[in-house]
Amino acid sequence: MDPTARPDPSVITIFGAGGDLTWRKLVPALYNLFSDGWLPEHFAIIGVDLRELDDDSYVAHLKEHLEPADENTWNDFARRISYMATDFGDDAAYTGLAETLAAIESEWGVEPSRVFYLAIPPTLIETAVEKLGTTQLCRDVARARIVVEKPFGRDLESARELNRTLTNFFDESQIYRIDHYLGKETVQNILAFRFANALFEPIWDQRYIDHVQITMAERVGVEHRGGYYDGTGALRDMVQNHLLQVMCLVAMEPPVSFEDEEIRNKTVDVLHAIRPIPPEEVAHFAVRGQYAAGWLEGERVPAYREEPDVAAGSDTETFAAVKLFVDNWRWHGVPFYLRTGKRLPVKASEVSIHFRTAPHQIFPSAAVGDWQPNRIVLHIQPDEGIVLRFQAKRPGLKVRLSPVDMRFTYREAFEDVPPEAYETLLLDVMQGDSTLFKRTDQVEAAWAAMMPILEAWASDTNPEVSPYSAGSWGPDTAEVLIARDGRSWLTPSVGQPG
Ligand code: BG6
């Protein structure tokens with residue numbers, strides 16, 4: 001990183017300071033930014049949560065998970081962290097916070113940016129937003145920002161309600177709805193790949209592309225998040241946000257500039273163009289599964305229903321596959337197949353663009369044995385890179401064709417270790433850049449696209465959630481979804497992009 005454009009002095013207040021996200025992602029990201037010299041001299045973190053802790057024990061708790069390599073850097077970082085044990089629903093919390101902020105600001109003698117990061121369960125968000133709004137802690141529109149973590153509502157109606165609450169108290173420019181996938185280097189690179197090159201754009205449409213697949217697979221189960229996940233499921237947890245956002249970057253029209261509003265306009269256009277799924281046809285467009293017990297790398301792993309905090313007879317989906325169409329000239333008739341699941345064989349996220357076959361085949365059938373159409377695979381994680389598959393003539397006296405791969409890997413091309421998604425996003429919030437954050441209309445359009453599926457799944461008429469063994473690629477219904485169109489899922493091959 002090149003620390004030339006440090007943000008203004010900033011105080012980040014984290015609601016939910018004792019939660020997973022804070023110690024696993026947010027604080028390590030802030031620490032990395034700090035040790036790389038990205039943070040301003042005047043910088044502080046205030047952790048807010050219910051649990052009774054003093055500053056020292058809170059800092060010790062963070063350090064335990066972070067295991068910093070350099071003690072001096074850690075000490076310098078840690079002295080900027082304080083902790084407030086309080087209840088977000090209680091007015092006293094906000095008066096206390098106002099006093100702490102005022103004390104920091106008077107000590108610094110500057111007016112810093114105030115970032116309020118809501119890393120709290122959805123049930124508490126509205127309360128926190130209302131209290132932050134009514135207590136005037138965010139009245140400086142230019143300097144006060146509020147970051148809202150997903151899930152942003154649980155359907156279109158609740159998302160609208162949350163948006164109404166937020167926009168009642170805050171200007172849209174103050175609201176940062178986070179989707180950490182947009183902070184990933186490889187996801188941002190989709191824009192560079194498409195729009196910094198003249199090569200791909202002319203063939204990026206229904207004339208040349210047969211279909212697109214987006215897979216986000218995880219090996220882990222629900223871990224200790226059963227309480228949250230059981231009321232959520234894969235469609236709300238991953239498809240409504242991460243998968244649709246990545247799909248937007250793949251499908252969007254070329255923006256005229258890199259301005260945040262322009263990029264967001266173009267992504268929301270894609271969401272609005274998604275063809276609504278007719279309620280009676282949902283089973284043909286979306287399937288769901290739930291992991292049963294199985295084996296992963298020689299280890300027996302439990303069924304979803306045996307996980308802590310999951311209801312015994314739960315029918316929450318841990319796998320979802322969806323087929324969508326984007327009804328515009330560019331994508332007419334091109335299916336986008338999206339799938340995600342927990343307890344799949346590997347952790348891998350990738351986008352594959354499958355091209356049509358060459359219009360005229362000049363080679364004899366004996367020459368084209370294992371011939372395959374062209375495809376481009378964007379490896380989002382791991383093995384970050386891009387692989388272009390095309391046919392080549394095998395060396396030899398006879399003409400025989402074989403598919404070969406041309407690879408770009410981040411590891412080989414760049415020496416820099418890419419920043420974690422949360423580093424990019426937190427820095428953007430401090431710098432007031434909302435390009436990678438979702439606007440009201442983006443969130444609502446994404447929910448609107450998912451509503452027919454959610455409604456069908458909530459009704460009794462739809463097929464039940466299909467079980468799949470942990471360690472498999474999901475339920476058979478997912479294979480059927482794509483096989484019905486004469487296609488098959490591309491299996492991510494981790495360790496060797498291709
Ligand atoms: C989160 C989901 O948004 O993304 C989790 O809530 C999921 O269930 C995670 O595990 C996956 O993110 P990543 O960056 O590890 O692919």
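The values are calculated or read from the model by the stated rules, or taken from the named source; none is laboratory data. Remember, it's a predicted structure, so these values are computed and weren't measured experimentally. With ideal geometry, Cβ positions are generated from the backbone for all residues, glycine too; neighbour counts draw on all protein chains shown. Heavy atoms of the whole protein, side chains included, go into the accessibility calculation; ligands, DNA and RNA do not. Shrake-Rupley method; radii C 1.70, N 1.55, O 1.52, S 1.80 Å.
Taken as a whole, the range 273-286 holds at least one residue that is closer than 28 Å to VAL494 by Cα and at pLDDT 95 or above.
Every residue, every condition in (1) polar (S, T, N, Q); (2) closer than 22 Å to THR477 by Cα; (3) not assigned by TED's automatic domain parsing to the domain that holds LEU21, yes or no:
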| residue | (1), (2), (3) |
| --- | --- |
| ASP230 | no, yes, yes |
| ALA251 | no, no, yes |
| PRO255 | no, no, yes |
| GLU262 | no, no, yes |
| ASN265 | yes, no, yes |
| VAL268 | no, no, yes |
| ILE274 | no, no, yes |
| ALA283 | no, yes, yes |
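Within this structure, ASP441 passes the test of being over 30 Å from SER35 (Cα atoms), among the acidic types (Asp, Glu) and surrounded by 14 or more Cβ atoms within 10 Å (Cβ to Cβ). Residues of the range 330-364 that are open to solvent by 10 Å² or more (accessible area, probe 1.4 Å), closer than 14 Å to ILE203 by Cβ and of a type in the set (A, V, I, L, M, F, W, C): PHE355, ALA358. Taking the range 312-328 as the range and being modelled with pLDDT of 95 or more and either surrounded by fewer than 18 Cβ atoms within 10 Å (Cβ to Cβ) or not in a loop (DSSP other than H, G, I, E, B) (or both) as the test, the residues that pass are PHE319, ALA320, ALA321, VAL322, LYS323, LEU324, PHE325, VAL326, ASP327, ASN328.
Matching residues to (1) among the β-branched types (Val, Ile, Thr); (2) crowded, with 19+ Cβ neighbours inside 10 Å; (3) closer than 21 Å to THR318 by Cα:
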| residue | (1), (2), (3) |
| --- | --- |
| LEU249 | no, yes, no |
| PRO254 | no, no, no |
| ASP260 | no, no, no |
| ASN265 | no, no, no |
| VAL270 | yes, yes, no |
| PRO279 | no, no, no |
| HIS284 | no, no, yes |
| TYR291 | no, yes, yes |
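Summed over the range 329-352, residues that are part of a loop (DSSP other than H, G, I, E, B) and within 11 Å of the ligand (Cβ to nearest atom) total 2. Taken over the range 305-345, the criterion of being farther than 21 Å from LEU235 by Cβ and among the aliphatic types (A, V, I, L, M) is satisfied by ALA312, VAL334. Every condition in (1) farther than 15 Å from ASN189 by Cβ; (2) modelled with pLDDT under 95; (3) of a type outside the set (Asp, Glu); (4) under 18 Å from the mean Cα position of the chain (by Cα) holds for PRO418 except the one numbered (1). Among the residues of the range 120-139, those that are of a type outside the set (Val, Ile, Thr) and either within 13 Å of GLY89 (Cα to Cα) or surrounded by 13 or more Cβ atoms within 10 Å (Cβ to Cβ) (or both) comprise PRO121, PRO122, LEU124, GLU126, ALA128, GLU130, LYS131, LEU132, GLY133, LEU137, CYS138.
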